[in-house]
1. Name the one entry in Ala25, Ala52, Ala71 that is hydrophobic (A, V, I, L, M, F, W, C), surrounded by fewer than 19 Cβ atoms within 10 Å (Cβ to Cβ) and on the phi < 0 side of the Ramachandran plot.
2. So Leu252 passes all but one of these: (1) within 26 Å of Arg157 (Cβ to Cβ); (2) open to solvent by 30 Å² or more (accessible area, probe 1.4 Å). Which condition number does it fail?
3. Could you check, for region 220-235, whether at least one of its residues is open to solvent by 10 Å² or more (accessible area, probe 1.4 Å) and within 16 Å of Phe296 (Cβ to Cβ)?
4. Whether any residue in region 215-234 is over 23 Å from Ile127 (Cβ atoms), out of contact with any Pro (no Cβ under 8 Å at 6 or more places or on another chain) and of a type in the set (A, V, I, L, M, F, W, C) is what I want to check.
5. Give me a count of the residues in region 285-318 that are modelled with pLDDT under 95 and closer than 25 Å to Arg226 by Cβ.
6. Those residues that are open to solvent by 40 Å² or more (accessible area, probe 1.4 Å) and on the phi > 0 side of the Ramachandran plot, I need them from region 142-163; list them, please.
7. Just to verify a result, which residue in region 294-319, among those that are of a type in the set (Gly, Ala, Ser) and in a helix (DSSP H, G or I), is least open to solvent (accessible area, probe 1.4 Å)?
8. Quick check on this structure: which one of Leu283, Leu322, Leu247, Leu261 is open to solvent by 80 Å² or more (accessible area, probe 1.4 Å), in contact (Cβ under 8 Å) with a residue 12 or more places away in the chain and in contact with a Leu (Cβ under 9 Å, 6 or more places away or on another chain)?
Amino acid sequence: MSAPPPVTAVIPVHNRADLLARLFASMRSQTTPFAQIIVVDNASTDGAAELARAEGCRVISMGENAGFARAVNRGWQEAESGWVAVLNSDVELDPRWLAQLLGSVGHAAFATGTIFSASSRGQTPEIIDGTYDLMSRAGCAWRAGHGQPDPAAREPRIIDIAPATACIYRREVLERLGGFDEGFESYLEDVDLGLRCVGENLHGAWVPQALAWHQGSATFGRWNARVVRLTSRNQLRLIARHYDTALFRSSLRAILAGQLLWGLVALRHGAGLAWLQGKLDGLRGFRPEGRPTSGFRRFLEASEREIEARAEGPYWRWYFRLAGS
């Protein structure tokens with residue numbers, strides 16, 4: 001049996017040294033070890049960078065909170081291996097996480113596993129934080145299975161978008177596509193990269209037995225104003241980048257429904273102003289400039305069908321009532 005290929009882990013970090021320590025502990029226990037660990041420090045002030053150095057990691061200091069996309073790009077460009085693992089600093093990995101992914105990735109361009117909510121760890125069943133990503137015509141993404149009990153019976157499948165919470169990419173794919181779009185800063189940059197993979201007919205693998213646990217929004221909080229503003233803006237950036245005028249017009253009803261409903265959810269969580277600011281940012285110079293391929297259109301149609309069949313909660317129920325066909 002041939003040895004597994006070397007993998008460089010890239011971890012962007014902004015504070016929460018306590019969670020980073022847990023990630024390091026889970027990385028030390030991997031049955032297939034990482035060849036290199038690069039921590040990209042977005043101006044942490046709580047000793048996270050010092051902890052990483054003490055663990056023997058290479059630390060790249062950005063000097064500011066440069067955002068997730070820029071930090072990850074800086075990290076993978078310094079990687080010394082053909083595979084790059086992108087890991088949020090608030091995840092913990094099962095000891096066989098990397099071995100499972102490398103053993104099942106085959107010829108895929110990227111791979112991810114099953115990510116559980118850390119708050120449900122030890123419960124039966126555990127609650128899914130995410131698996132792979134889907135996107136509605138409204139430009140709103142859904143992490144398949146999010147918030148739902150683990151069905152236990154899980155079959156591997158080909159996917160189009162891997163959440164950058166915990167995944168591996170072929171370095172050559174990142175080089176070919178230019179990595180993450182730094183204009184997104186943080187949030188939905190992984191969806192954008194996945195959509196660009198769809199346009200290039202590059203697909204990934206979901207390996208359900210590769211397990212991880214995610215704290216989720218540990219740095220700022222899910223409904224923090226910055227998180228909501230950037231997410232709100234980047235939803236429109238996804239549409240502008242990947243839709244042409246014809247697709248935009250045919251999806252306009254769905255876009256209005258999905259975006260306004262998301263605004264109501266933000267308002268309910270006290271983040272209505274941040275949602276509005278994000279939308280105003282996204283509308284500046286907004287123009288659909290994509291060249292959607294037939295593969296992209298098939299992905300969008302299949303995503304809508306799967307979201308409608310699987311997603312729960314009032315947001316998605318109302319979206320499909322209002323969006324039309």
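The values are calculated or read from the model by the stated rules, or taken from the named source; none is laboratory data. A quick note: this is a predicted structure, and the numbers were derived from the prediction, not measured. Here the Cβ is made from the backbone with ideal geometry for all residues, glycine too, and neighbour counts use every protein chain on show. Each accessible area value is taken on the protein alone, full model and side chains, heavy atoms only, with ligands, DNA and RNA left out. Shrake-Rupley method; radii C 1.70, N 1.55, O 1.52, S 1.80 Å.
1. Ala25
2. (1)
3. No, that holds for no residue.
4. Yes, region 215-234 contains at least one residue that is over 23 Å from Ile127 (Cβ atoms), out of contact with any Pro (no Cβ under 8 Å at 6 or more places or on another chain) and of a type in the set (A, V, I, L, M, F, W, C).
5. Going through region 285-318 one residue at a time, the tally reaches 2.
6. Matches in region 142-163: Gly147, Ala152.
7. Ser303
8. Leu283
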